[in-house]
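Data block below; observations after.
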Amino acid sequence: MILDFSSQLHYFWALLPEIVVSVTALAVLLLDVFQRGSRGAPSARWVGALAVAGVIAAAIANAWLLTVEVPGQNDMIAVDGFRVATNFIILGATALGLLFSFDWLDREGLRIGEYFFLVLMACVGMMMLGGTRDLIVLFVAVELMSISVYVLTGINRRDRRSSEAALKYFLMGAFASGFLLYGIALIFGAVGSTNLSLVTSEIVRGTEAGNPLLFAGVALLLVGLGFKVSAVPFHAWTPDTYEGAPTPVTGFMAAGVKAAGFAAILRIVTIELAPAEPFWHGIVWWLAMLTMIVPNLIALAEDDVKRMLAYSSIAHAGYLLVGVSAGSSLGRSAALFYLGVYAIMTLGAFAVVYVVAGKGDSRSKLADFRGLGWRRPLLGAAFVVFLLSLAGFPPTGGFIGKLYLLSAAVEAGEVALAITLVLTSLISYYYYLRVMWKMYFEAASDDAPDLDRSGPAFRFATVVAVVALLAAGLFPGHALRTVSEAAEGLTPRSAVVAPAIGQTNAVPPPTAVVHTPADRS
């Protein structure tokens, strides 16, 4: 099928996965109201099952987009392999997040349709971020995702910590949205458009190469997105918010929001604004360096596993920024592969934490994990796989992902970032292995409460996550080929626009991916 965006109907086909999730969200909310009536009883279990079914239907619609052709690709929404790949990552994270949360909702007495509705609407915003080609669409997608997650963070109104985390997240999120919107305004003021194709055309023509307004706009755009992915120094909200939010919501935030934010960064920065590399490269380089170093050092002193995983999540944003800084097709494909692996291992790790933490998420200290490997052998073994993958041990997907990022950094001449990635990963071994030591080499206290038994949805999601991580580590060939094709299908805009313009003062397309330190200076 060939899409022609001169017809409004074809926008419907281009946005079919997002429309399927949106319709499912509305159906979940309305059907839940009718089945609960005025009794105020918990939602029926089929409400959550309907939400998962809608995500699966959206994945089928997303696969259908691979058969679609869009000549020119100059509209507000991209239809390409990169968008399809990021959509699969986000839909997978959403499905796992829903399955992991069923037991928690029952335990906390929060089995309500609003929870599933908010998760699905956040998913819609996340998916739009991976396919945006217009800055206004970017802002709408960010706000749709953010507002849904703000409410999810405070959904347990009986928990003071949850309300406090929601307030902190909302205030810092609004602050970040201000940066993002101001950056969009400056870019519009510099080039007269919010469409990224037109913005890039002006950059390639060279008419805006020295415009400080454009430089400031790109910088503020990166600041706003840096808040969303918890890059240092815009990370201060993350540990407190992750600690106070309900643990399944924390896992969904850490996986889904970060995946969506990086999908937007990879598309906008390394593709649409590739000709502006001199503007953004230095910013991204320093963000990557600081985001790898600072959280790994702070995590060494944490004795709360939930906060430790929060700092771990920040550090992984630094690893992903290495792929962005490389600015090459290899860097994009490495970051895309690592995004998928990161989403799975992060969701799995936080799911184990909520089982151990018990009602009210009150037991997440290191001491609470003593003897877990013997008390719940299968759960402990799954947690070991998640932690080893986060650390980057073979034969897990996390190891292959970090190796892929290292290759991209070395090929791009980013030796300092590559060395920092290795050293900070070694530092992280301490706090990951410390949890495993508690699990297997220290006995649980006599008054340790019994752990709740996991339901079938949780067990199924855990098995899927463990198998996926081990498969990505042992047999990564197919996944690597898939992300490479998705990344290579995206041509930097300078290479597309420059020949059509035919200007002698056009900025050369950034086809070379090897950069020396002298080039950077």
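The values are calculated or read from the model by the stated rules, or taken from the named source; none is laboratory data. Note that the structure is predicted; figures quoted are calculated from it, not measured. Quick reminder, even Gly has a Cβ in these numbers, built from the backbone with ideal geometry, and neighbours come from all protein chains shown.
So here's what we get for this one:
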quantity: Top-ranked residue in segment 4-58 [being among the small types (Gly, Ala, Ser) and within 15 Å of Arg111 (Cα to Cα); ranked as modelled with the highest pLDDT]; calculated: Ala51
quantity: Residues of segment 156-170 that turn out to be of a type outside the set (S, T, N, Q) and crowded, with 22+ Cβ neighbours inside 10 Å, as a count; calculated: 3
quantity: Identity of the residue in segment 415-445, touching a Phe, Trp or Tyr at 6+ places or on another chain (Cβ under 9 Å) and not in a helix (DSSP H, G or I), that ends up surrounded by the most Cβ atoms within 10 Å (Cβ to Cβ); calculated: Ala444
quantity: Long-range neighbours under 9 Å by Cβ, at least six apart or interchain, first residue touching a residue at least 60 places away in the same chain (Cβ under 8 Å) within segment 180-200, second assigned to a loop (DSSP other than H, G, I, E, B) and hydroxyl-bearing (Ser, Thr, Tyr); calculated: Val199/Ser193
quantity: Condition check for Ser146: under 28 Å from Ala176 (Cβ atoms), of a type in the set (S, T, N, Q) and surrounded by fewer than 24 Cβ atoms within 10 Å (Cβ to Cβ); calculated: yes
quantity: Residue count for segment 131-162, restricted to those that are touching a residue at least 40 places away in the same chain (Cβ under 8 Å), within 17 Å of Ser230 (Cα to Cα) and not hydroxyl-bearing (Ser, Thr, Tyr); calculated: 3
quantity: Residue within segment 270-281 that is crowded, with 22+ Cβ neighbours inside 10 Å, under 16 Å from Leu406 (Cβ atoms) and among the polar types (S, T, N, Q) present; calculated: no
quantity: Selected residue (criterion: farthest from Leu388 (Cα to Cα)) from residues of segment 419-437 that are in contact (Cβ under 8 Å) with a residue 40 or more places away in the chain and not hydroxyl-bearing (Ser, Thr, Tyr); calculated: Leu421
quantity: Residues that are among the acidic types (Asp, Glu) and either outside any helix (DSSP H, G or I) or over 18 Å from Gly256 (Cβ atoms) (or both), drawn from segment 102-141; calculated: Asp103, Asp106, Glu108, Asp134
quantity: Residue match in segment 369-386 (condition: among the basic types (Lys, Arg), surrounded by fewer than 19 Cβ atoms within 10 Å (Cβ to Cβ) and at pLDDT below 90); calculated: yes
quantity: Selection within segment 450-479 - crowded, with 18+ Cβ neighbours inside 10 Å and either among the β-branched types (Val, Ile, Thr) or assigned to a helix (DSSP H, G or I) (or both); calculated: Ala457, Phe458, Ala461, Thr462, Ala465, Val466, Ala468, Leu469, Ala472, Gly473, Ala479
quantity: Some residue of segment 80-94 being outside any helix (DSSP H, G or I), in contact with a strand residue (DSSP E or B) (Cβ under 8 Å, 6 or more places away or on another chain), touching a residue at least 40 places away in the same chain (Cβ under 8 Å) and at negative phi; calculated: no
quantity: Subset tally (residues that are of a type in the set (D, E, K, R) and part of a helix (DSSP H, G or I)) for segment 366-409; calculated: 3
quantity: Residue among Leu144, Leu99, Leu65 that is closer than 23 Å to Gly173 by Cβ, assigned to a helix (DSSP H, G or I) and either among the hydrophobic types (A, V, I, L, M, F, W, C) or at pLDDT 90 or above (or both); calculated: Leu144
quantity: Segment 347-365, residues that are modelled with pLDDT of 85 or more and either acidic (Asp, Glu) or in a helix (DSSP H, G or I) (or both); calculated: Leu347, Gly348, Ala349, Phe350, Ala351, Val352, Val353, Tyr354, Val355, Val356
quantity: Complete set of residues in segment 152-180 that are β-branched (Val, Ile, Thr) and either outside any helix (DSSP H, G or I) or more than 11 Å from Pro246 (Cα to Cα) (or both); calculated: Ile155
